Amino acid sequence: MGILIKNGEIITASDRFVGDVYCEDGKIAAVGAGLSKERAGDTVIDASGQLIFPGGVDAHVHMELPFMGTESSDDFETGTAAGVAGGTTSIIDFVIPARGQALLDGLAMWNEKAKKAVSDYAFHMAVTWFGDDTLKEMAVCTREHGIPSFKTFMAYRGAIGVDDPELIQVMEAAKGLGALVTVHAEHGDAVVALQKKLLKEGKTHPRFHAQSRPAPIEGEATGRAIMLARMIGEPIYIVHLTCKEALAAVTEARSRGQVVMAETCPQYLLLDDSVYEKPGFEGAAYVMSPPIRPKGHQDALWAALSSGLIQTVATDHCPFNQVGQKDMGKDDFSRIPNGAAGIENRLALLWTYGVLAGRIDVHRFVDLFSTQPAKIFGLYPRKGSIVPGGDADLVIFDPKGTSTISAKTHHHRCDRSIFEGFEVKGKPTHVIVNGRVQCTDGKLDVQRGAGRYLPRRLGPSQGAQAF
Ligand code: URP
Ligand code: ZN
Ligand code: ZN
Ligand code: ZN
């Protein structure tokens, strides 16, 4: 049975018009005005006065991630469900094998965990060490499993982080495979040195997490990763970029014509480091890497979204409960699990504080939220657009009304919200995932395991040039 959505204002990265969308067998069957395709048994949704966006693609999330002695608190079911509640209908999670573990063994573990996803999912593969078989395994990931993007961590030394020789090997391997390297850019050794120094001085409070990873540490690593990608002639994608220093490195590379892409997250756009001064241990909720930056960086990031310097907004959704997880670091900030929840809030925050605040226009909003992540990572046009033949993933959005984000009402399995008290305008009235209405006025009707794995392929080389 199909769904006919009538008289909505359809907004994509390039178009805006009032029309209808007909969905059949999980796909978009037709888009236009005055469609009268419906048959007996079809659902008809009157979207007059409402907007229709392509479902969100969150290219950076961590469900059930074993990390820092615990595991992120949303699993693939609860995490994707929270995504659906917030208009995100596809995710790309990271397979993160332990150091010494084969990539394909890591993939087998993630395949198992992700079976309960309610919406579609893809994987990036993290390369956390480079062994004799890594190149071969990267080829198998790219060619047989539809995983043409590889993640490296320049931070987290001694755990999942790589050193420069390993990073170079990953980049060279990816170049040979036509795959894309994504980088968490922080100077890992400098972080460790600062952590040691601060702790030796008895500085254990969550605020010292931020002091142990100041912006220059990210700026340096971003520049170094970009330089290595340039040397090798490989495109590069910087995840969760947070600061002016890193933006400067991207700007410089772009001005030379280097293919550098960057992502930021709502928390870096909307919060400043005063969050670490919350009473008691509450600042721990904001402990993530890179940390929330001092005032001033946020405006630079908004400008970079609007100018196109940054291509995507993802969430880096990686929740940990304050009680029972974050409190592992009560006496030592370096033991606070890094990460926070956010998958449900991306649309609402970008809409309210981006579009309505005049910082980005509606097309740029759709681009950042859905189209660009789908294009960059090889999911387009199946995801990220509203075109016949594409998957029927749609958000019907009523711009009227106001609500307040709170851990008391969010769908994240987490006892804190880093956006607690943020007012947001409008709400999704219907979120359609693979041709089924899975959320109506905030009420979820999801199916455990209905999500499908999305194998990906990247387009032809994105024109990276070596020195
Ligand atoms: O603090 C963070 N960002 N936790 C998740 C892992 C990562 O670095 O993306
Ligand atoms: Zn309805
Ligand atoms: Zn990271
Ligand atoms: Zn992450």
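At q = 0.08, 0.09, 0.14 Å⁻¹, what log₁₀ I(q)/I(0) does a Debye calculation on the Cα points of the chain give, no solvent, two decimals?
-0.43, -0.55, -1.38
Okay, helix-only estimate at 222 nm for the chain: each DSSP H run of n ≥ 4 adds -39500 (n - 2.57), divide by all residues, round to 500 deg cm²/dmol; what do you get? Walk me through the numbers on the way to the answer.
Numbers: 13 runs with 126 residues, N = 467.
Taken over the chain, the calculation gives -8000 deg cm²/dmol.
Can you give the angle from 0 to 90° between the axis of helix 297-307 and the longest principal axis of the chain, with both taken from C-alpha atoms, to the nearest 10?
Between the helix axis and the principal axis of the chain, the angle is about 50 degrees.
Over what distance in Å are the Cα centres of the stretch 333-358 and the stretch 21-58 separated?
29
Which of Asn111, Pro97, Ile147 sits farthest toward the positive end of the charge dipole of the stretch 91-183, with +1 on the Cβ of Lys and Arg and -1 on the Cβ of Asp and Glu?
Asn111
Test of understanding: ordering His187, His412 by Cβ neighbours within 10 Å, fewest first, what list do you get?
The order, fewest Cβ neighbours first, is His187, His412.
Over the stretch 4-79, what is the relative contact order in percent, taking alpha-carbon pairs closer than 8 angstrom and at least six residues apart?
Worked out over the stretch 4-79, it gives 29 percent.
Residue by residue through the stretch 330-347, what is 3J(HN,Hα) from phi via Karplus (6.51 cos²θ - 1.76 cosθ + 1.60, θ = phi - 60°)? Round to whole Hz and write x for glycine and proline.
3, 10, 6, 4, 6, 9, 6, x, 7, x, 8, 7, x, 4, 6, 9, 5, 4
Once you have all Cα-Cα distances for the stretch 118-225, histogram them in 5 Å bins from zero and send the whole-percent values.
2, 12, 20, 18, 15, 11, 10, 7, 4, 1, 0
Given C-alpha coordinates of the stretch 209-288, what is the ratio Rg to Rh with the Kirkwood estimate of Rh? If you can, show how the numbers build up before the last one.
Values: Rg = 14.8 Å, Rh = 13.8 Å.
A ratio of 1.07.
Count the DSSP beta bridges whose two residues both fall in the chain, then state the antiparallel fraction as a percent rounded to the nearest 5.
50
Where does each of Phe67, Phe397, Phe53 land when they are ranked from fewest to most other beta-carbon atoms within 10 angstrom? Could the numbers behind the result be given before it?
Details: Phe67 19, Phe397 24, Phe53 27.
Ranked by crowding around the Cβ, least crowded first: Phe67, Phe397, Phe53.
Using only Cα atoms, find the angle between the long axis of helix 76-85 and the longest principal axis of the chain, and express it within 0 to 90 degrees, rounded to the nearest 10.
50
Could you let me know the centre-to-centre spacing of the stretch 189-217 and the stretch 133-149, using Cα atoms, in angstrom?
Here the two parts' Cα centres lie 36 Å apart.
Using amide H atoms built in the peptide plane, which far-off residues or other-chain residues are under 5 Å from Gln447 H to H?
Long-range HN contacts for Gln447: none found.
Just order 436-442, 7-13 by mean Cβ neighbour count inside 10 Å, highest at the front, would you?
Working: 436-442: 17.1, 7-13: 20.4.
So the order, starting with the most tightly packed, is 7-13, 436-442.
What are the semi-axes of the equivalent ellipsoid for the stretch 349-467, taken as the square roots of 5 times the Cα gyration tensor eigenvalues, largest first, in whole Å?
Values: eigenvalues 159, 83, 48 Å².
That gives 28, 20, 15 Å for the three semi-axes.
Rounded to whole Å and sorted largest first, what semi-axes of the equivalent ellipsoid does the C-alpha gyration tensor of the stretch 1-159 yield via the square root of 5 times each eigenvalue?
They are 40, 16, 14 Å, listed from largest to smallest.
Around His60, which amide H atoms from residues at least 5 apart in sequence, or from another chain, sit under 5 Å from its own amide H, with H modelled in the peptide plane?
Under 5 Å from the amide H of His60 lie the amide H atoms of Ile92, Thr315, Asp316, each far enough along the sequence or on another chain.
How far, in degrees from 0 to 90, does helix 215-232 lean away from the longest principal axis of the Cα atoms of the chain, to the nearest 10?
The answer is roughly 80 degrees.
Taking the square root of 5 times each eigenvalue of the Cα gyration tensor, what semi-axes in Å does the equivalent ellipsoid of the stretch 298-396 have, largest first?
Working: eigenvalues 190, 65, 31 Å².
The three semi-axes for the stretch 298-396 are 31, 18, 12 Å.
Based on other C-beta atoms within 10 Å, arrange Leu347, Leu269, Leu356 from fewest to most. The partial results should precede the final answer.
Working: Leu347 29, Leu269 22, Leu356 14.
Placing the least packed residue first, the sequence is Leu356, Leu269, Leu347.
If I take every Cα pair under 8 Å that is 6 or more residues apart in the chain, average their sequence separation and divide by the length, what percent do I get for the relative contact order?
It rounds to 22 percent for the chain.
Please give every one of the lysines within straight-line cross-link reach of Lys326, meaning a C-alpha to C-alpha distance under 20 Å, and leave out same-chain neighbours fewer than 8 residues apart.
Of all the lysines, those that pass the test against Lys326 - Cα under 20 Å, at least 8 places apart if same chain - are Lys196, Lys203, Lys278, Lys408.
Only the coordinates and a few stated rules stand behind these numbers; no lab work does. Here the structure is a predicted model, which means the values were calculated and not measured. When we count neighbours, we look across all protein chains shown, and the Cβ atoms used for this are built from the backbone with ideal geometry, even at glycine.
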